[in-house]
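Below: one structure, written as structure tokens.
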Amino acid sequence: MKLVVADDFHQGVDDAFAMRDPDLASEGSVGPYDSQRLGGTAIAKNIILDRQAARVRIVVNGALLAAGPDASVSPWAVFLIAHELAHPILERRRRTSGALEREPEYPRTATEAARAFVRSALDELHADLMADIVLGHLWSVEIEGQDARPVRATDLEVVLGQHLQVADVLDSHVHPGWPDLVDAHRNWRLSVNDLYVRLFRETDQMLTLLGHAQAEATWLEQLGPLEAECSDHPGAQLYLADVWRRIMKIRDESEFSTDPDVICEQDLAIVAEGEAAVLQMWQRLGLTFDIYEDRGMYIHVDEPLR
């Protein structure tokens, strides 16, 4: 594992992708890296260099890191780096358990993509929770008249606000944005490939944002935004709330284990439920899929639920 603070973030990411083992690189092509995400801009990127995730390169955007609340070694910078360092641990744990033995390195079909998106979102949640623990081991807060306590992520205002970003993205992209995308294809204004790429990319990024928001809700001992302030939003009610509820339910029922067999069993159970939920969400948006043995796919597009 190597962490690099890059002055040119995009070039650093491209350089890291070029370091992948040839058999890994051959499975998927990587175009120009885009750091823009629903709800913000990527500050760092983990790039797995071999199939067992034994070699990982972490690229951090040096410009954004320096633009944080304190350019010196601050709790915010430590939170960010601890979050990124958690990802290789989570990925290595999953791979050595055997949970990914039958998974392609790069998703191509709708079912593969749904599973990958669920795993990615949960990793963001867990990496945030792990980074919060690291903060508490390094700093404490002393308030007059009270006992000192460990620093928490809730003490760092720059880490908070994910629930607000969820609300913004529901308005700006999910509803009416997602059904509008489907209707744009149905009315010959958007190719099926562009529909597939945009909807799948935004599903991935929205689930990732929900992972961060769930971590924030955990720290604050509150409900997540899809159960609280955004519960009445059509994008939550029609599409996302059921997906996230089902993923969280089975995740919360799983106890932490170091047994590889248990890790594998739990991962596959959570991902199976998440995959089914995401496919049903896409079906409500009018998309169903025929998937072939060669990993080819035919997309059926019908009227979306509004």
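The values are calculated or read from the model by the stated rules, or taken from the named source; none is laboratory data. Note that this is a predicted model, so its numbers are computed, not measured. Cβ: placed from backbone, ideal geometry, glycine included. Neighbour counts: every protein chain shown. In case anyone asks, the SASA skips ligands and DNA or RNA and just uses the protein heavy atoms, side chains included. Shrake-Rupley method; radii C 1.70, N 1.55, O 1.52, S 1.80 Å.
Restricting to the range 118-153, name every residue that is farther than 29 Å from Val243 by Cβ, without any contact (Cβ under 8 Å) to a residue 40 or more places away in the chain and open to solvent by 30 Å² or more (accessible area, probe 1.4 Å). The answer is His137, Ser140, Val141, Glu142, Ile143, Glu144, Gly145, Gln146, Asp147, Ala148, Arg149, Pro150. Does Val192 qualify as being touching a strand residue (DSSP E or B) at 6+ places or on another chain (Cβ under 6 Å) and modelled with pLDDT of 95 or more? So Val192 fits the description; yes.
The selection criterion, being under 30 Å from Tyr196 (Cα atoms) and surrounded by fewer than 18 Cβ atoms within 10 Å (Cβ to Cβ), holds for Thr109.
Taken residue by residue, the range 33-49 has at least one member that is touching a His at 6+ places or on another chain (Cβ under 7 Å) and at pLDDT 90 or above.
Within the range 286-300, is there a residue that is open to solvent by 60 Å² or more (accessible area, probe 1.4 Å), outside any helix (DSSP H, G or I), under 30 Å from Gly161 (Cα atoms) and of a type in the set (Lys, Arg)? No.
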